[in-house]
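**Student:** Encoded as structure tokens, here's the structure I'll be asking about.
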Amino acid sequence: MNKVDDNHDPHLAHHFDTPVQQYSSAKIGMWVFLATEILMFGGLFCAYAVYRGTHPDVFLYAHHFLDTNLGAINTVVLLASSLTMAWGVRAAQLGQKPILVIMLLLTLLGGVGFMGIKTIEYSSKYSHGLWFGSDNAFYVKSGKYTNPEELTGAIEYGESHAMPHEDKGELTDEHLELQVKDAATEDVLDNQAAGEAQDQSLPASAQSNIGNATNAPAGLSSKFAEVEGDGSAYVTSEKKPLTYEDLDPQQQKLVSQFFQIYFLMTGLHGIHVLVGMALIFWLFIRALRGTFGPKYFVPVDLVGLYWHIVDLIWIFLFPLLYLIH
Amino acid sequence: MSATQPTQQTDIFGKPVDEQHKDNYLTHQRGLMSWLFTLDHKRIGIMYMIAVLSFFFVGGVFAIVLRVMLTMPIADASNQMRFEMNDTRNIVESSGATVPEEAIKLLYEPGVTDAEAQQQKIEVVLTDAASSAGAGAKVVEYPELINARDAAAQKYTQDLTNHNTFYNQSFTLHGAVMVFLFIIPAIPAIIGNFVLPLMLGAKDVAFPRLNLASWYCYMGGALFFLWVLGKGILNFLVPTLEGVWGGGGLDTGWTFYTPYSTETNTAVVAATAGAFVLGFSSILTAVNFIASIHMLRPKGMTWFRMPLMLWALYATAVIQILATPVLAITLLLLIAERAFGIGIFDPALGGDPILYQHFFWFYSHPAVYIMILPAMGIVSEVISVFSRKHIFGYAFIACSSMAIAILGFLVWGHHMFTSGQSELLNAVFSIITMLVAIPSAIKVFNWLTTMYNGSIRLDSPMLYALGFIWLFTIGGLTGIYCATLAVNIHIHDTYFIVAHFHYVMVGSTLFAFLAGMHYWWPKMFGKNYSERWARWGWLLVFVGFNITFFIQFIMGALGMPRRYATYIDKYTIYHHISTGGSLILTVGLFLVLFVWIHSLLKGKQSPANPWGANSLEWHTISPPPHANFDHAPPATDPYDYSHWRWRPEIAGYVLNEDSEPEEKDAMARNDS
Ligand code: HEM
Ligand SMILES: [Cu+2]
């Protein structure tokens, strides 16, 4: 770059000496901002960890209500859109305007697809009385169900999601082999098998101890270290998904909490996706006008970083909410 | 000051600034719009100053309201009887009858066990009075007297409730305004915005537009917050107003603890929404500072040649970045809890109120370091300049800022020792809390050593800085008391805690803020202030502050709980002393304000470098031009004062031209 160009660079703000300095500042600023995003979600992840830690069975049970297939599709959609975004950034840097425009469009479509699927998921929850706040079939206030009429329907809906597993009935070795091929469940089954083996190796008294663990307190108590889930509800050896009846009464009252956390996390994430889509749309318009090129691609770069973070957060949300075992 | 005061702007060599170079950020553009849409960090700093000081005034008014209410504790036993006796008499008299004093005394005689005997005695007194009274006068009958007594008791209960309601809302407003609107933004947003780019020899912060956006977030959040909280107060004073603009107010304290905050009928959602927006302002400022310090340092200014103020602001910004988002999500969860009943914090819904405390203090303990670290930065500058000695232990002070920033994230549990944490957590948090004292003490010792053998000049910034060291030492050491588990059980939620955090927040941060304001005032406005009156202001603030809060350590150790509107007789004397001190403090602060206003109106032109400091902000004229520097100053050791010589005729220091050839060189190149 020659000196004259530097001085005439229309994108160089007066308080920076060189475009590189300006570009690096913008990048640092963005990274710092992304740190705040992670910490903000960090609060929700903490809430998740605390409640999953204090009543694991509730999470184990309630996650069946989520549609793993849709979640998985969404993961793929979002990952793909991250790829197109990264490609777009490269295209901007190289000044390949048509590719940039196409990539931004594809990324935007990815966002639309993600939100579309999310809407399908949300509306099916809504129609089965499994909504945010007190509008939830499992909602219990001061020991009473507030929407008892919706409870049976909701339970059926959720437990039918789990049916495919149950349909297989008793797990024979054959079944096991079949499933091991299914890469997604491989680890989990290994763990289960290990757990089973351990179970059997335990003395009978110890096994019954696991079974009879008492109710978990409602929250973090002073006996933090002693809080345990109700082991009986794992039913690991039976390979059978939990049902609402399997939960003890204490835990039955807390099922709605899973949905609250689910809606909070995915909702906040969804808002971020929407913001990202708005930003990408703005980039798209500017890219059409040919604003970006090798000398000016900072906005594409920054929005790209943001989009990747939003993607990354989903990568954590998906297993934590959908794939619990 | 002396009669040789200059009336003309002079540059760092003491030469008058010629007409065509006379540019000054204050007069660069004119009109309100040129301020509201400015991207100039200096103007944004000044706008923050006006706003933050106004909110400080509001918070201060409520401090006085609290202190004055506390001199009239209507619940103490003797007061209650006096109020009820008066009311009984008034009620009887308003019905057109009279009641003899003796009957009232008998009626309220303490320790009566035999009610019938008492009734007979009173009836005797009443009939006596009736017979001796003239025909026209009517003496009250016994049953009416009893009715009057019951009515008076009811009225008293009502008054007490009102008293408490008003007190609760007032202390919430006071605390929340002081914390969120004053102490947190005071130093970074006012002084930091103004001096950070100047200290870097830069033209502006890295993102001037975000800087302005941060001011708007602050104003939006602050005005909304104040509106919501103020409504509650106004509704209380004029109940009909509630019909006009609806309910409001907040009585949870600045901490918004659940489960009370999910149950009170005051405006928790609106208030937290305001605080949420304020968080954005904090984050935007922090992003700006971090990027600026990373990218805008001039050639030659390595990390360890930065002024310590920049280290402090950097550490502060890191905390703001890491802590504020957690507050944001906490407040969102609280809003969701109240609006939708999500049951994360509400035990009635299976939630856990202690989780709220964890979240809240994970932000709010680091937030106390957001308040204190920049204060320490100012003190590091001032102590060195006014001792005319290089700062001692530069690297230690710089690194201890970062150490405090990191340790500050690991101690939040010390606010929850009595909340039912496990013993193990308590012990761990207690130990880590005490560890924070180490980097804090490192700073104090280095300041003292810097002063050792220096030629100390007790100008007002230095007085405030010395006040800081004194008060921070008391505040910090009592922090160790608080962190000691066994002691904490006794003093938790008492005035001891109130005294502790006022010593660190008001005593330390406010003092450092005032030190900074007096130190950079000539640079900000190009005007000198009356040093004499500034010192008087310092004296009143210092004395008033100590009277107000030292006594609270004693009161707290004796058991006076915090956040109570009334108390038993035993604490009266302490409260009266404390209130007296707070009035002195108020007078002192108004004197400070007067000194500043007087300086703006009547102050003489100040030189480029009135104190002989060497950080880069003193390498430009006062007030700085729009672009900060005519020529980019060379970055040298900020604590090397050997090149500056005192020049009485301009009442300031000038750069020794021979000893600073780089500066001449840069000026000749004029590479702005
Ligand atoms: C040496 C450093 C410090 C130590 C060891 C320390 C220790 C403590 C402890 C243990 C408590 C909790 C007491 C209780 O509630 O029972 C506390 C409360 C508090 N401290 Fe500190 N502290 C230190 C510095 C600071 C600083 C620098 C600030 C602010 C600038 C500060 C502000 C506060 C506040 C605001 C509270 C009370 C908050 C509330 O409950 O509303 N502290 N401190
Ligand atoms: Cu703390």
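Rundown of residues vs (1) within 10 Å of chain A (Cβ to nearest Cβ); (2) within 16 Å of ligand 2 (Cβ to nearest atom); (3) assigned to a helix (DSSP H, G or I); (4) touching a Lys or Arg at 6+ places or on another chain (Cβ under 7 Å), yes/no style:
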{"site": "B:294", "(1), (2), (3), (4)": "yes, no, yes, no"}
{"site": "B:314", "(1), (2), (3), (4)": "no, no, yes, no"}
{"site": "B:318", "(1), (2), (3), (4)": "yes, no, yes, no"}
{"site": "B:338", "(1), (2), (3), (4)": "no, no, yes, no"}
{"site": "B:348", "(1), (2), (3), (4)": "yes, no, yes, yes"}
{"site": "B:359", "(1), (2), (3), (4)": "yes, yes, yes, no"}
{"site": "B:362", "(1), (2), (3), (4)": "yes, yes, yes, no"}
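**Student:** Check segment B:405-422 and report whether any residue there is more than 16 Å from ligand 2 (Cβ to nearest atom), more than 14 Å from chain A (Cβ to nearest Cβ) and modelled with pLDDT of 95 or more.
**Tutor:** No: zero hits.
**Student:** Six or more apart or on different chains, Cβ under 6 Å: which pairs go from a residue in segment A:12-33 that's facing another protein chain (nearest Cβ under 7 Å) and at pLDDT below 90 to one that's surrounded by 20 or more Cβ atoms within 10 Å (Cβ to Cβ) and not in a helix (DSSP H, G or I)? Could you list them?
**Tutor:** Once the first residue is facing another protein chain (nearest Cβ under 7 Å) and at pLDDT below 90 and sits in segment A:12-33, its partners that are surrounded by 20 or more Cβ atoms within 10 Å (Cβ to Cβ) and not in a helix (DSSP H, G or I) give A:15/B:203; A:15/B:204.
**Student:** Also, quick follow-up: Please tell me if residue B:517 is within 15 Å of residue B:376 (Cα to Cα), aliphatic (A, V, I, L, M) and away from ligand 1 (no atom under 16 Å from the Cβ).
**Tutor:** yes
**Student:** If you don't mind, there's one more thing I want to ask. Restricting the search to segment B:485-514, which residues are over 19 Å from the mean Cα position of the chain (by Cα) and either crowded, with 24+ Cβ neighbours inside 10 Å or within 8 Å of ligand 1 (Cβ to nearest atom) (or both)?
**Tutor:** B:488, B:491, B:492, B:493
**Student:** Only residues in segment B:409-423 that are over 22 Å from residue B:437 (Cα atoms) count as the first member; pair them with residues that are within 11 Å of ligand 2 (Cβ to nearest atom), Cβ under 7 angstrom, at least 6 apart or cross-chain, and list the lot.
**Tutor:** Pairs found: B:421/B:413.
**Student:** Name every residue in segment B:412-426 that is more than 9 Å from ligand 1 (Cβ to nearest atom), of a type in the set (S, T, N, Q) and in a loop (DSSP other than H, G, I, E, B), in order of residue number.
**Tutor:** Selection gives B:419, B:421, B:422.
**Student:** Still on this structure: Show the residue pairs meeting these rules: Cβ distance below 8 Å; 6+ apart or different chains; first residue within segment B:247-276 and more than 14 Å from every other protein chain (Cβ to nearest Cβ) and assigned to a helix (DSSP H, G or I); second residue of a type in the set (A, V, I, L, M) and within 16 Å of ligand 2 (Cβ to nearest atom).
**Tutor:** Close Cβ pairs satisfying both conditions: B:275/B:327.
**Student:** Would segment B:459-471 turn up any residue that is within 9 Å of ligand 1 (Cβ to nearest atom), closer than 25 Å to residue B:176 by Cβ and away from chain A (no Cβ under 14 Å)?
**Tutor:** Looking through segment B:459-471, none of the residues is within 9 Å of ligand 1 (Cβ to nearest atom), closer than 25 Å to residue B:176 by Cβ and away from chain A (no Cβ under 14 Å).
**Student:** Another question about this same structure. Any idea which residue in segment B:365-405 is surrounded by the fewest Cβ atoms within 10 Å (Cβ to Cβ), counting only those that are within 16 Å of ligand 1 (Cβ to nearest atom) and among the hydroxyl-bearing types (Ser, Thr, Tyr)?
**Tutor:** B:400
**Student:** So which of A:229, A:219, A:270, A:304 ends up being under 26 Å from the mean Cα position of the chain (by Cα), modelled with pLDDT of 90 or more and within 30 Å of residue A:129 (Cα to Cα)?
**Tutor:** When all the criteria are applied, what remains is A:270.
**Student:** Check whether at least one residue in segment B:530-549 is crowded, with 17+ Cβ neighbours inside 10 Å, within 27 Å of residue B:430 (Cα to Cα), modelled with pLDDT of 95 or more and not hydroxyl-bearing (Ser, Thr, Tyr), and report yes or no.
**Tutor:** Yes, the conditions are met somewhere in segment B:530-549.
**Student:** Can you spot a residue in segment A:48-61 that is away from chain B (no Cβ under 14 Å) and of a type in the set (Asp, Glu)?
**Tutor:** no
**Student:** Hey, another quick one. For residue B:38, are the conditions met, namely being of a type in the set (Ser, Thr, Tyr) and within 25 Å of residue B:177 (Cβ to Cβ)?
**Tutor:** It is false that residue B:38 is of a type in the set (Ser, Thr, Tyr) and within 25 Å of residue B:177 (Cβ to Cβ).
**Student:** Given the criterion under 21 Å from the mean Cα position of the chain (by Cα), over 30 Å from residue B:308 (Cβ atoms) and not aromatic (Phe, Trp, Tyr), identify the matching residue among B:234, B:226.
**Tutor:** B:226 is the lone residue from the list that is under 21 Å from the mean Cα position of the chain (by Cα), over 30 Å from residue B:308 (Cβ atoms) and not aromatic (Phe, Trp, Tyr).
**Student:** Conditions first: (1) touching a residue at least 60 places away in the same chain (Cβ under 8 Å); (2) crowded, with 24+ Cβ neighbours inside 10 Å; (3) under 20 Å from residue A:146 (Cβ atoms). Residue B:310 passes all but one, so which condition is the exception?
**Tutor:** (3)
**Student:** Got at least one residue in segment B:37-52 being closer than 30 Å to residue B:574 by Cβ, of a type in the set (D, E, K, R) and modelled with pLDDT of 85 or more?
**Tutor:** No; the residues of segment B:37-52 include none that is closer than 30 Å to residue B:574 by Cβ, of a type in the set (D, E, K, R) and modelled with pLDDT of 85 or more.
**Student:** If you don't mind, another one. Give segment B:316-359 a look and list any residue that's within 13 Å of ligand 1 (Cβ to nearest atom) and in contact with a helix residue (DSSP H, G or I) (Cβ under 6 Å, 6 or more places away or on another chain), or say none.
**Tutor:** B:316, B:319
**Student:** Just checking: which of the helices (runs of 4 or more DSSP H) contained wholly in segment B:28-141 hold 1 or more residues that are in contact (Cβ under 8 Å) with a residue 40 or more places away in the chain and surrounded by 12 or more Cβ atoms within 10 Å (Cβ to Cβ)?
**Tutor:** The qualifying helices (runs of 4 or more DSSP H) are B:41-69, B:77-94, B:101-107.
**Student:** A further question on this structure: Those residues that are of a type in the set (Val, Ile, Thr) and at the interface with chain A (Cβ under 7 Å from one of its Cβ atoms), I need them from segment B:325-336; list them, please.
**Tutor:** B:326, B:329, B:330
**Student:** Still on this structure, please answer the following. In the set B:398, B:375, which member is under 20 Å from residue B:303 (Cβ atoms), away from ligand 2 (no atom under 15 Å from the Cβ) and aliphatic (A, V, I, L, M)?
**Tutor:** B:398
**Student:** Scanning for something touching a strand residue (DSSP E or B) at 6+ places or on another chain (Cβ under 8 Å) and either of a type in the set (Phe, Trp, Tyr) or at pLDDT 95 or above (or both), does segment B:442-462 turn up at least one residue?
**Tutor:** no
**Student:** Please go through segment B:142-174 and give me each residue that is under 15 Å from residue B:92 (Cβ atoms) and either surrounded by 14 or more Cβ atoms within 10 Å (Cβ to Cβ) or modelled with pLDDT under 90 (or both), ordered by number.
**Tutor:** Once the filter is applied, which keeps residues that are under 15 Å from residue B:92 (Cβ atoms) and either surrounded by 14 or more Cβ atoms within 10 Å (Cβ to Cβ) or modelled with pLDDT under 90 (or both), segment B:142-174 yields B:142, B:143, B:144, B:145, B:146, B:147, B:148, B:149, B:151, B:152, B:153, B:155.
This table checks each residue for (1) within 14 Å of chain A (Cβ to nearest Cβ); (2) more than 28 Å from residue B:43 (Cβ to Cβ); (3) outside any strand (DSSP E or B).
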site: B:591; (1), (2), (3): no, no, yes
site: B:600; (1), (2), (3): no, no, yes
site: B:607; (1), (2), (3): no, no, yes
site: B:613; (1), (2), (3): no, no, yes
site: B:623; (1), (2), (3): no, no, yes
site: B:630; (1), (2), (3): no, no, yes
site: B:640; (1), (2), (3): no, yes, yes
site: B:653; (1), (2), (3): no, no, no
site: B:657; (1), (2), (3): no, yes, yes
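The values are calculated or read from the model by the stated rules, or taken from the named source; none is laboratory data. None of the values given here were measured: they were computed from a predicted structure. Cβ atoms come from the backbone with ideal geometry, glycine included; neighbour counts cover every protein chain shown.
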